[in-house]
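Following: one structure in structure tokens, then a few remarks.
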2 protein chains.
Amino acid sequence: MATGHEHTVKAFDQDISHLRALISQMGGLAEQAIADAMTALQRNDHELAKQVRKKDKAIDTIEAEAERLAVRVIALRAPMADDLREVVAALKIAAVVERIGDYAKNIAKRVPAIHADGDRIEVVSVLPSMAQIASDMVHDVLDAFSARDAEKAAAVHDRDSALDDFYDSIFRTLVTFMVENPRTVSQVAHLLFVAKNLERIGDHATNVAEMVYFAATGKHLSDRESGEGSN
Amino acid sequence: MATGHEHTVKAFDQDISHLRALISQMGGLAEQAIADAMTALQRNDHELAKQVRKKDKAIDTIEAEAERLAVRVIALRAPMADDLREVVAALKIAAVVERIGDYAKNIAKRVPAIHADGDRIEVVSVLPSMAQIASDMVHDVLDAFSARDAEKAAAVHDRDSALDDFYDSIFRTLVTFMVENPRTVSQVAHLLFVAKNLERIGDHATNVAEMVYFAATGKHLSDRESGEGSN
């Protein structure tokens, strides 16, 4: 028969598996939200944009559930060292993924303004590629969390500067476009915020990478400034 | 003599007081960061802007301390109901104040770009007023947290829509300015992000208001969508 201690360990493992599953689920919804928001933007699809905004509530609900579970685990199981680091990481990662969902929702919200007055602003061709990089970073860092893979987390971290360079280049492109097409300034300003939201999604994936690395190793990935872009 | 239970209660009260003190300290630093960043922006003071970026590390350090303390309290004291809600709120509020500090740092980072080429962009006269409203919201909501004052938190919550209107008006002003002065588009785009950062600070203060209200009453302030602006 299992001892009391083994019983507790097993209960903890079940709780942490449940926590991981909730975070994977949130991550999947967030990735879908990014993809749908970009599709809505490219196709000027207001209905799809509305769906993205609606579905964000599901992410918020799962986050609240993950938070309750993490707090209950800390209070009831009093995990130590590695285990405690992992639960705290899960608590924080859930909050970050919820914010990633908010950025996708914010992109979706801008769709009508970007296509205002029936005007067809050609979305800079690099914006969907930027969204793909940001979304892949979210995907890979949550995989790294599931697998407790510190090296994979570090690799996501290293991709952030490429995304930042991408953003800087888009920023310059959009500003040049505004100068040359002053009539479109208002719409292009919204595109600027879309690019900024994608860059922030990458920053958040990078922050998660730091949390995963710390949870898995007890060491800080780096002492570099927390990324929040220069533009 | 105190019973074991009383002893635990007293230790909990000391811990929660310490947590409140840490959050007040972070809040004070965040308010100062907003004020200094705006002064640096108005005076084109690169040295002050650099100071804001440097001092942000102090906020990050206190946040890490608050997080460790909150987790320890949950694990060791296993608080129930109201007390647990308050510790979880403290944990989350610390993370939000840290992000408010990041927004101030981001404003400071933009100072050189806004005043690039020795060009003197006249900062829209309303930007410092907007910063003041955002900063007051941060101040008041942290006061509400210290005092467990749900009504005061609700009042901060209600001020957010005024700040959003302010932002919308500045957005339109800046876009008009860009159209009329295409040469300044790059610099004014950075001002647009400054305004957006201030609006986000207000959103975060509003989120804190919701947390304070929930911690104090166990009820949700409203079911309204988490604010993240429409522009």
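The values are calculated or read from the model by the stated rules, or taken from the named source; none is laboratory data. If you're wondering where the values come from, they're calculated on a predicted model, not measured in any experiment. Here Cβ is always computed from backbone atoms with ideal geometry, including for glycine, and neighbour counts include all displayed protein chains. Only protein heavy atoms, including side chains, enter the accessible area calculation; ligands, DNA and RNA are left aside. Shrake-Rupley method; radii C 1.70, N 1.55, O 1.52, S 1.80 Å.
Quick check on my link table: of A:92/B:54; A:54/A:109; A:92/A:219; A:10/A:219; A:109/B:109, which ones sit more than 22 Å apart, alpha carbon to alpha carbon?
A:92/B:54; A:10/A:219; A:109/B:109
Relative to the other identical copies, residue A:162 shows label-point distances of 4.8 nm, where the label point lies 7 Å from Cα along the Cβ direction and values run shortest first. In sequence order, the range B:196-204 has phi-based couplings of 4, 4, 5, 5, 5, 4, x, 4, 5 Hz under the Karplus curve 6.51 cos²θ - 1.76 cosθ + 1.60, θ = phi - 60°, and Gly or Pro positions carry x. Computed from the C-alpha gyration tensor, the three semi-axes of the ellipsoid equivalent to chain B are 38, 19, 11 Å, from longest to shortest. Measuring from the axis that maps chain A onto chain B, the chain A residue with the nearest beta carbon and its rounded distance in angstrom come out as A:74, 2. Using a 1.4 Å probe over protein heavy atoms, the accessible area lost on pairing B with A, summed over both chains, comes to approximately 3300 Å². Legend: mean number of C-beta atoms from other chains within 10 angstrom of residue C-beta atoms, peptide A:184-196, equals 4. With its label point put 7 Å out from Cα toward Cβ, residue B:116 sits 2.5 nm from the same residue's point in the other copies, in order from shortest. In a reduced charge model with +1 at each Lys and Arg Cβ and -1 at each Asp and Glu Cβ, the protein assembly as shown shows a dipole moment near 0 debye about its Cα centre.
Could you size up the charge dipole of the range A:28-98 around its Cα centre, putting +1 on the beta carbon of Lys and Arg and -1 on that of Asp and Glu, and report it in debye to the nearest 20? Write down the numbers at each step before the final one.
Working: 11 positive and 13 negative charges, 37 e Å.
For this selection, approximately 180 debye.
Sequentially through the range A:87-97, phi angles give Karplus couplings (6.51, -1.76, 1.60; θ = phi - 60°) of 5, 5, 4, 4, 4, 6, 5, 4, 5, 5, 5 Hz, Gly and Pro residues having no value and appearing as x. In a fully extended conformation the segment linking residue B:122 and residue B:169 would gain 15.2 nm over its present Cα-Cα distance, using 0.36 nm per residue.
Taking the charge dipole of chain B about its Cα centre, with +1 at Lys and Arg Cβ atoms and -1 at Asp and Glu Cβ atoms, the residue from B:187, B:24, B:217 reaching farthest to the positive side is B:187.
Can you divide the C-alpha Rg of the range A:70-202 by 2.2 N^0.38 Å and report the result to two decimal places? Could the numbers behind the result be given before it?
Values: Rg = 18.9 Å, N = 133, 2.2 N^0.38 = 14.1 Å.
Ratio of Rg to 2.2 N^0.38 Å for the range A:70-202: 1.34.
Per residue of chain B, the DSSP helices (runs of n ≥ 4 H) give a summed -39500 (n - 2.57) that works out to -30000 deg cm²/dmol at 222 nm. Across the copies of the chain, residue A:64 has label points (7 Å from Cα along Cα→Cβ) spaced 3.3 nm apart, shortest distance listed first. Computed about the Cα centre, the dipole magnitude for chain A is approximately 660 debye when only Lys and Arg (+1) and Asp and Glu (-1) carry charge, each at its Cβ. In the range B:4-217, the portion of solvent-accessible area held by carbon and sulfur atoms comes to 51 percent [1.4 Å probe, whole percent, DNA, RNA and ligands not counted]. For the range A:158-165, the Karplus equation 6.51 cos²θ - 1.76 cosθ + 1.60, evaluated at θ = phi - 60°, returns couplings of 6, 7, 5, 5, 5, 5, 4, 5 Hz by residue, with Gly and Pro reported as x. Computed over the range B:26-101, the quotient of the alpha carbon radius of gyration and 2.2 N^0.38 Å is 1.39.
Solvent-accessible area per residue in the range B:77-196 equals 38 Å², computed with a 1.4 angstrom probe and all protein chains kept.
Shape verdict for the protein assembly as shown, please, from the Cα gyration tensor: rounded (a/c under 1.5), prolate (a/b greater than b/c) or oblate. It comes out prolate by the Cα gyration axes.
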